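Bear in mind these aren't lab numbers, they're just calculated from the coordinates by the rules spelled out. Keep in mind the model is a prediction, meaning the values are calculated, not measured. Here Cβ is always computed from backbone atoms with ideal geometry, including for glycine, and neighbour counts include all displayed protein chains.
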Amino acid sequence: MKKIMIFACFICFTFALNAQYFLPVKDAFSYVKDYTAIPYSFDKDCELRVSCYIQNPGNIMPDRLYQNFQLTEYFLARENPETAGTLRLKFKLKNGYDLGLVDFGGVTDWMTYDLITVNKNSEILDALEAGILVGWVMPKQFRITADEKIIVTQFVTTERVSVKMDSFSKVTGYITETVYHIDASGKFVEESKKQCTGFRTFTREQLENPSTDLWDLY
């Protein structure tokens with residue numbers, strides 16, 4: 001069975017008993033040596049081999065670890081050092097900025113993935129929540145196109161009663177796509193949003209299938 005391969009390569013620094021060392025943004029981006037090629041799809045097969053703990057100055061990166069499809073029940077990764085942020089990938093943009101992929105959640109089943117833009121002074125300019133993973137269920141995924149557009153695909157539930165992502169049998173909703181570009185100041189700017197499916201009931205088997213991404217369900 002395939003899954004996002006999150007290898008425990010936490011070799012930036014060794015754990016202390018109850019404390020972890022988080023690198024400044026500059027050092028974390030230096031630690032991740034290679035740039036990942038664009039275009040890029042964050043699908044369930046992707047391998048994230050490198051990781052380096054990264055600081056989250058001013059909590060600019062969203063770090064909510066969601067429990068339900070409504071995204072109303074969550075805990076904050078910053079509350080536990082074992083679920084705090086790690087830099088996984090970096091991309092070089094045509095405008096000279098770096099784009100980074102940071103995940104929160106550690107080795108738990110609740111993961112959130114953010115894209116961040118970073119300038120030459122290693123300042124985080126903006127952050128975008130672009131992925132959510134609970135077990136095998138991924139209700140939010142992203143792709144980066146050849147022209148550096150960010151397409152965030154998301155399952156949106158219409159259920160009024162809270163539906164837990166780790167214990168549901170079926171859930172009703174629809175799938176959307178939101179397109180962003182990165183402007184000259186490094187900000188994520190929403191260009192368009194569309195609904196890709198009508199209201200449908202998705203089974204657990206459909207949404208947690210390790211070889212099925214959201215865009216396969218249109």
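Please work out the Cα convex hull volume for the chain and give it in Å³ per residue.
Details: hull volume 26.8 nm³, N = 218.
It comes to 123 Å³ per residue, whole-number rounded.
Stretched out fully, how many nm does the piece from Phe75 to Ala146 gain, at 0.36 nm a residue minus the Cα gap?
Gain on stretching Phe75 to Ala146: 22.1 nm.
Report for the stretch 103-210 the percent antiparallel among DSSP-assigned beta bridges with both residues inside it, nearest 5.
Values: 37 of 37 bridges.
In the stretch 103-210, approximately 100 percent of DSSP beta bridges are antiparallel ones.
Going by amide H atoms built from the backbone, whose H comes under 5 Å of the H on Ala130, apart from near neighbours?
The answer is Tyr113, Asp114, Leu115.
Using a 10 Å cut-off on Cβ atoms, rank the peptides 65-71, 158-164 from the highest mean neighbour count down.
65-71, 158-164
Averaging sequence separations of C-alpha pairs under 8 Å and six or more residues apart, then dividing by the length of the chain, give the relative contact order as a whole percent.
Working: 510 pairs, mean separation 37.8, N = 218.
Dividing the mean separation by the residue count of the chain yields 17 percent.
Would you order Tyr180, Tyr174, Tyr218 from fewest to most other beta-carbon atoms within 10 Å of each residue's own beta-carbon? Display every interim value, and only then the final one.
Values: Tyr180 22, Tyr174 16, Tyr218 9.
In order of increasing Cβ crowding within 10 Å: Tyr218, Tyr174, Tyr180.
Report the charge-dipole magnitude of the chain in Debye, nearest 20, computed about the Cα centre from +1 at each Lys and Arg Cβ and -1 at each Asp and Glu Cβ.
Approximately 140 debye in magnitude.
Looking only at the stretch 5-217, where both bridge partners belong to it, what percent of the DSSP beta bridges are antiparallel (to the nearest 5)?
DSSP beta bridges in the stretch 5-217 are roughly 95 percent antiparallel.
For the stretch 98-115, take each phi angle, set θ = phi - 60°, evaluate the Karplus expression 6.51 cos²θ - 1.76 cosθ + 1.60, and give the result in whole Hz per residue in order, putting x for glycine and proline.
Result, rounded to whole Hz: 9, 10, x, 10, 10, 10, 10, x, x, 9, 7, 7, 10, 10, 10, 10, 10, 9.
Run down the lysines and flag those whose C-alpha is under 17 Å from the C-alpha of Lys187, throwing out any fewer than 8 positions away in its chain.
By straight Cα distance, Lys187 reaches Lys90, Lys92, Lys94, Lys120, Lys149.
Kirkwood hydrodynamic radius of the stretch 25-139 from all distinct Cα pairs, in Å?
14.4 Å
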